[in-house]
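Undergrad: Pasting in a structure now, in structure tokens, and then I'll have a few things to ask.
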Amino acid sequence: MSKPLFNDQFLKACRKEETEFTPVWYMRQAGRYQPEYRKIREKYTFEEMNLNPEVAAEVTRFAVEQLGVDAAILFADIMTPLPSIGVDVKIKSGVGPVINNPVRNVQDVNNLGDLNPEKDVPYLMETIGMLREQLNVPLIGFSGAPFTIASYMIEGGPSKNYYKTKAFMYSEPEAWFKLMDKLGDMVISYLKAQVNAGAQAIQIFDSWVGALNEADYRLFIAPVMDRIFTSLKDTNVPLIMFGVGASHLIEEWNKLPVDVLGLDWRLTIKKAREEKGIQKPLQGNLEPAILLAPWDVIQERTKEILDQGMEQPGFIFNLGHGVFPQVKVETLQRLTEFVHEYTAKR
Ligand code: 1CP
């Protein structure tokens, strides 16, 4: 069977070029809301799924085919590279990442090793290679950002207020910057390897960095993010930045050498462009809980976003955060269809 024609609309939108319709994909488009995912997950742990290129590629591709979306995102986790640098992490069902040897002092930071992606996560490179042969949409590679990864490493797991992470940052700034340096190196080599293996765009998830104010972001985070994006520029693939509850930081993000900004549902596309002065392409930002409302509510909110998004080139429709496990597959299928039909240029 020959591969159908390649759909490049997502990549065009990332480059702020005109598109035939608004491209769409969903954060966590492969996951527990899918009966088919849950079935596979009965047989394997999350880690086993990741380690097995056939399974990881199948789960990635199945979400694309089931939903009709315009981009695939590699099935992995922001924790995937961490065991290789000495972090003892497990993905616990219904909880998320749990870390048995949290980082609590400078010695713990010094003990962290370097990542050699080709040697340490060869299965991921293999998954990417397989997907590039199978997919007819672009493949997005990804990584967590240093702050978000550090928050798990320091807290030991998911957190509400990140007080241990912040206490470490404020009390031991030297150790903090050393940690940011190490994680920055890890993210750069990890993402470069993904692009070398075939990833056609990169998204960096700084999911929890919105916990910091602007001044702290500028001081403690912006330097490492600047280094990461500067170093990835020569890969020539679009670079996307995303975080939750981070509307107060988007002017800071806008200064980074990043191509696309991913917004959560708190800031409208219109405000981001008109009040915050963002000229970069935007991605987002339907409130994920709306997907649990009746279809007419979903459609109305989606229209509002699309009307704003379509005003200029450089818009990718997505949710403001990941799909909840309670969402029905049919809802996302209908949403994809609606976005494509409503935005199609006639
Ligand atoms: O289609 C896809 O998006 C699947 C690939 C993917 C991605 C991009 C997974 C699979 N995880 C991620 C990113 C990720 N992981 C982020 C950034 C995006 C976000 O903000 O949601 C974060 C913060 C994590 C950490 C993590 N891993 C959590 C959240 C915990 C918390 O603090 O609230 C959870 C639940 C996981 C496990 C996980 N990762 C991915 C899946 C499908 C799952 C569930 C695993 C299972 O089946 O039990």
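Bear in mind that the values in this text are calculations on the coordinates, not laboratory data. Everything quoted here is computed from the prediction, not taken from an experiment. Reconstructed Cβ throughout: ideal geometry from the backbone, glycine too, with neighbour counts over all protein chains shown.
Undergrad: Just the residues that are of a type in the set (S, T, N, Q) and more than 17 Å from the chain's Cα centre (by Cα), please, taken from region 1-55.
TA: Once the filter is applied, which keeps residues that are of a type in the set (S, T, N, Q) and more than 17 Å from the chain's Cα centre (by Cα), region 1-55 yields Ser2, Asn7, Gln9, Thr19, Thr22, Gln34, Thr45, Asn52.
Undergrad: Of the conditions (1) more than 22 Å from Ser189 (Cβ to Cβ); (2) within 15 Å of the chain's Cα centre (by Cα), Ile250 fails just one. Which one is it?
TA: Against the list (1) more than 22 Å from Ser189 (Cβ to Cβ); (2) within 15 Å of the chain's Cα centre (by Cα), Ile250 comes up short only on (2).
Undergrad: Within region 28-39, can one find any residue that is over 21 Å from Ile305 (Cβ atoms), in contact with a Ser or Thr (Cβ under 8 Å, 6 or more places away or on another chain) and either of a type in the set (Lys, Arg) or surrounded by 17 or more Cβ atoms within 10 Å (Cβ to Cβ) (or both)?
TA: yes
Undergrad: Can you tell me which residue is farthest from Lys92 (Cα to Cα) among those in region 41-62 that are more than 9 Å from the ligand (Cβ to nearest atom) and among the hydrophobic types (A, V, I, L, M, F, W, C)?
TA: If we take residues in region 41-62 being more than 9 Å from the ligand (Cβ to nearest atom) and among the hydrophobic types (A, V, I, L, M, F, W, C), then Phe62 is farthest from Lys92 (Cα to Cα).
Residue-by-condition table, conditions (1) touching a residue at least 24 places away in the same chain (Cβ under 8 Å); (2) farther than 23 Å from Ala193 by Cα; (3) surrounded by fewer than 22 Cβ atoms within 10 Å (Cβ to Cβ); (4) not aliphatic (A, V, I, L, M):
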site	(1), (2), (3), (4)
Ala57	yes, no, no, no
Phe62	yes, yes, yes, yes
Glu65	no, yes, yes, yes
Ala76	yes, no, no, no
Thr80	yes, no, no, yes
Val98	yes, yes, yes, no
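Undergrad: Within region 243-262, how many residues are under 14 Å from Cys14 (Cα atoms) and crowded, with 20+ Cβ neighbours inside 10 Å?
TA: Adding up the residues that qualify gives 5.
Undergrad: Further question: Is it the case that Met225 is among the aliphatic types (A, V, I, L, M) and within 17 Å of the chain's Cα centre (by Cα)? Let's see the steps before the verdict.
TA: Details: among the aliphatic types (A, V, I, L, M): yes; within 17 Å of the chain's Cα centre (by Cα): yes.
Here the answer is yes, as Met225 does meet what is asked.
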